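Report on the following structure.
Taken together, the values in this text are just the output of simple stated rules run on the coordinates, not laboratory data. Source: prediction; values computed, not measured. Ideal geometry is used to build each Cβ from the backbone, glycine not excepted, and the neighbour counts take in all protein chains shown.
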Amino acid sequence: MRQSQRRSTDLLALLLDSRDPAATARENLGALSEEFFMTAGTFLTLARKEGNADVATRLERALMAAWDVKQSSLRPELQLLNRLVRAGGEPERRQIYLEGGPSLPPLLSSDGRWFFRTLERLTGDVERQPPNPDKVPLLSKLKAIAREAEAIEKQATKKGFGNGNGNGNGKKA
């Protein structure tokens, strides 16, 4: 565990020293792990608590570059889910759904409804977390996303944009 923390810290230092953090992140995509983001987030929290605005700003910039690179490498369903979870509220999520346009329903139902299965697993993971200040709001958001996405899929199926069978081709069965 210590060695992986060390690698995460070394990568963060590399991003902080880089003239082009996004390029550095792309070169190190495989190392942009959950542990990296947790480690970097811990450093960011400490910098904020200590009132070190300059360091916090640099860490935020490095983290955003790494997050954007990591996000772009994920499958489209997970990119959508991440955007929805990070959205401020229902109006912002509605805008994300609108941006998806007619390609959204097939994405939701593609690969055997992978989006919904992943959302269910994530919701279950959060439900099993010990009590913490973020748990209830996150659970509420995840359940709202599930309701909203189910409604979009159902409406699209009625209109013939998706068939709900998981093939994601947008054609009726």
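What to note about this one:
- Positive-end residue of Ala151, Val85, Leu139, charge dipole of the chain with Cβ unit charges: Ala151
- Of all the options Thr42, Thr24, Thr118, the one that moves most in a Gaussian network model of the chain with Cα springs shorter than 10 angstrom is Thr42.
- Count, lysine Cα pairs under 17 Å in the chain, 8 or more residues apart or across chains: 8
- Between Ala31 and Asp111, the FRET efficiency from the beta-carbon distance, with R0 = 22 Å, is close to 0.25.
- Each label point was placed 7 Å from the Cα along the Cα-to-Cβ direction; for Glu60 and Arg121 their separation is 3.2 nm.
- Across all directions, the shadow cast by the convex hull of segment 76-159 built on its C-alpha atoms averages 5.3 square nanometres.
- Ala23-Leu46 FRET efficiency (beta carbon distance; Förster radius 25 Å; 0.05 resolution): 0.40
- Distance between the pseudo-spin-label points of Arg94 and Lys154 (7 Å out from Cα toward the beta carbon): 1.8 nm.
- Residue of Gly124, Gly89, Gly51 that the Gaussian network model of the chain assigns the largest fluctuation, springs spanning Cα pairs under 10 Å: Gly51
- In plain terms, the chain from Val136 to Arg2 could stretch by 45.1 nm, reckoned as 0.36 nm per residue minus the Cα-Cα distance.
- Kirkwood radius, segment 18-171, all distinct C-alpha pairs, inverse of mean reciprocal distance: 17.4 Å.
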